[in-house]
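Just so it is clear, none of the values below were taken in a lab; they were calculated from the coordinates. This is a predicted model, so every value here is computed, not measured. Here the Cβ positions follow ideal geometry from the backbone for every residue, glycine too, while neighbour counts run over all protein chains shown.
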Amino acid sequence: MHIVLQIIPKKYLIGGTLILLGLSGLLIMSTIVAITGEFEKDSQQSEVTEVEGGGIGVGTANVSPEVMKYQPLLEKYAQKHGLDASYMPIMMALMMQESGGRGNDPMQSSESFCGSVGCISSPKLSVDKGVLHFKSVLEKAHYDLKLCLQSYNFGGGFINYVMKNGGKYTPELAISFSQLQYQKVKHTGNYHCVRPEMVPYSACYGDAKYVDAVLKYYTGTITADGKPAAPASGGSGGKSGVKVIDVGKTLIGKTRYVFGGGRSQSDINAGRFDCSSFVRWAFEQVGMNVGPMSGVTTDTLKTQGQAINPKDMKPGDVVFFDTYKIDGHVGIYVGNNQFLGCQGKTGVAIASMAKGTYFGERFNGRVKRF
């Protein structure tokens, strides 16, 4: 150290040290500013984030979260196999009955795929083959949806049986087919009545009540062509659309966005909502039930109503945006490229969805009319 002091005067050493400390401080500050900037950027992008459970089509599938997580996969394979999107809620209801979304074969499609139970051990393959089998049975059933559902359980032989006995599904034909088939296989000891009420009929082959079992997870009606349809409501476009907008506007300036809010009456009374709970609440006020308070998500909302071309949307239609995920945000269209929704920084407010705006760039073209 003495040698250093002899070569470099002490005052210069002190000055150099101070300069180095100053430069280090500037480097640290710039790093903090950069990190803070990223945090602010992230917060702006995620202000509408709702970690919510996945469809398209009409009617409502009242299913568990385990089934809901398969909705994107069901949509993917429905598109792959050319299955009309309106069957999506029925497919989800079918999975709910088959497995509740649990296990490696949630669609229970092993038998239709390879002829034996247990040959499928991949949920992805199960959904792929299950959707394909559903479409095949639907076509063979000439779009008699109840016949299709019962045949998904009984097998294709039930379709032939029905065609020889009137050509349309009836509960009585399901029971009589089960009776006949059970007489052929009861000696194996492998078949037992899944429903006690079928024991007196000896209708112990498959589940003769399968149609009712599936449809208990579906809210809607079935049209003459066998396609599901939403309950009649007059549609959210037009006069009823104006009503839902008017009632929604009454909350402007009176709410705050809370992730997961709006799913209890105390939350609603306190003005705590997120995007999907606000939409549910607004439609409930005009007499339209679009799902239970406690379970509404962007993904349950998009399974309902009629799909509308964005060019034809009207005030009161429900619009979806890809934010942190596909269909991560939802609101009610009010016209003039604006929508009413519950956003992160504003609570319930009218926001722009014009091109070049945050939501305009994230509008994905999904429009539903309830």
Local electrostatic count at Pro310 - Lys and Arg +1, Asp and Glu -1, tallied over other residues with Cβ under 15 Å
+3
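How do the peptides 78-86, 151-159 rank, highest first, by the average count of neighbouring beta carbon atoms within 10 Å per residue?
151-159, 78-86
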Report the Cα centroid-to-centroid distance between segment 287-318 and segment 253-273 in angstrom, as an integer.
19 Å
Straight-line reach from Lys186: which lysines fall under 25 Å, measuring Cα to Cα and dropping same-chain residues less than 8 apart?
Lys164, Lys209
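What FRET efficiency, computed as 1/(1 + (r/R0)^6) with R0 = 51 Å and r the Cβ-Cβ distance, is obtained for Thr250 and Gln79, rounded to the nearest 0.05?
Numbers: r = 40 Å, r/R0 = 0.78.
For Thr250 and Gln79, the calculated efficiency is 0.80.
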Filter the cross-link list Lys140/Lys227; Lys76/Lys355; Lys302/Lys345; Lys80/Lys129; Lys129/Lys227; Lys69/Lys325 down to pairs whose alpha-carbon distance in this structure exceeds 18 Å.
Lys76/Lys355; Lys302/Lys345; Lys129/Lys227
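Using only C-alpha atoms and all pairs of different ones, pull out the Kirkwood radius for segment 296-342 in Å with one decimal. List each step's numbers first, then the result.
On the way: mean 1/r = 0.0899 Å⁻¹.
Evaluated on segment 296-342, it is 11.1 Å.
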